[in-house]
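The values are calculated or read from the model by the stated rules, or taken from the named source; none is laboratory data. Just so we're clear, the structure is a prediction, and the values are computed from it rather than from any experiment. Cβ: placed from backbone, ideal geometry, glycine included. Neighbour counts: every protein chain shown. These accessible areas exclude ligands, DNA and RNA; they are computed on the full protein's heavy atoms, side chains included. Shrake-Rupley method; radii C 1.70, N 1.55, O 1.52, S 1.80 Å.
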Amino acid sequence: MGVVFRELKASATVETVAAAKTLTVSDSAKTFVLSAAAGAEITLPTLRSGLYFRFIVGSAFATTNWTIVASTAKIQGVVFVNDAAVAGSNENTISFVASAESIGDYVDVISDGTNWYVSGLGVTAGSITLTAA
């Protein structure tokens, strides 16, 4: 079965996140606005075809990164940060880096059941990283 891309609409569900959160299948198609003085960890659910999430920096955070973590090193894709491509291959962590983030930086994460695919934009050099922690 192919991946189903969902178009974000004005009526999309938006949730503000200010602390660590573990996502579930029922969170799919939500946009999460990261709003806290210190970052936290968001854990992706088990891979499943069609799951889709958007994460947007909603306020500056100066002390701790916001991280989006997969249970296995299955994050693939490219984010554009300060006009440079940051590629990820078999990563398990996406980080919005404290003190480098800009309000509006974002990533989209979608699953085909085998991998998580990431794309996104960051304004400042080093604002988004893809790593295998």
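Would you say GLY113 is buried (at least 17 other Cβ atoms within 10 Å of the Cβ) and over 12 Å from the mean Cα position of the chain (by Cα)? Working first, answer last.
Numbers: buried (at least 17 other Cβ atoms within 10 Å of the Cβ): no; over 12 Å from the mean Cα position of the chain (by Cα): yes.
Here the answer is no, as GLY113 does not meet what is asked.
Residue by residue, here is whether (1) among the hydrophobic types (A, V, I, L, M, F, W, C); (2) under 10 Å from the mean Cα position of the chain (by Cα); (3) closer than 20 Å to TRP116 by Cα holds:
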| site | (1), (2), (3) |
| --- | --- |
| ALA37 | yes, no, no |
| ILE42 | yes, yes, yes |
| PRO45 | no, no, yes |
| GLY50 | no, no, yes |
| PHE53 | yes, yes, yes |
| ILE68 | yes, yes, yes |
| LYS74 | no, no, yes |
| GLY88 | no, no, yes |
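Keeping to the stretch 66-90, report how many residues are in contact with a Ser or Thr (Cβ under 6 Å, 6 or more places away or on another chain) and surrounded by 20 or more Cβ atoms within 10 Å (Cβ to Cβ).
Adding up the residues that qualify gives 3.
Each row is one residue, and each column tells you yes or no for (1) out of contact with any Leu (no Cβ under 8 Å at 6 or more places or on another chain); (2) closer than 18 Å to LEU130 by Cα.
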| residue | (1), (2) |
| --- | --- |
| VAL14 | yes, no |
| LYS30 | yes, no |
| THR46 | yes, no |
| VAL57 | no, yes |
| ALA60 | yes, no |
| SER71 | no, yes |
| ALA85 | yes, yes |
| PHE96 | no, yes |
| ILE103 | yes, no |
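Within the stretch 14-37, is there a residue that is open to solvent by less than 60 Å² (accessible area, probe 1.4 Å) and acidic (Asp, Glu)? Steps first, answer last, please.
Going through the stretch 14-37, the residues open to solvent by less than 60 Å² (accessible area, probe 1.4 Å) turn out to be 15, 17, 19, 21, 23, 27-36.
Going one step further and asking which of them are acidic (Asp, Glu), we end up with 15, 27.
Scanning the stretch 14-37, I find at least one residue that is open to solvent by less than 60 Å² (accessible area, probe 1.4 Å) and acidic (Asp, Glu), so the answer is yes.
Give me the pairs, please: first residue somewhere in the stretch 115-133 and at pLDDT below 95, second residue anywhere and open to solvent by 20 Å² or more (accessible area, probe 1.4 Å) and not hydroxyl-bearing (Ser, Thr, Tyr), beta-carbon distance under 7 Å, and either six or more positions apart or on two chains.
Sorted first by the residue in the stretch 115-133, then by its partner, the pairs are ALA132/ALA73; ALA132/ASN90; ALA132/GLU91; ALA132/ASN92; ALA133/ASN92.
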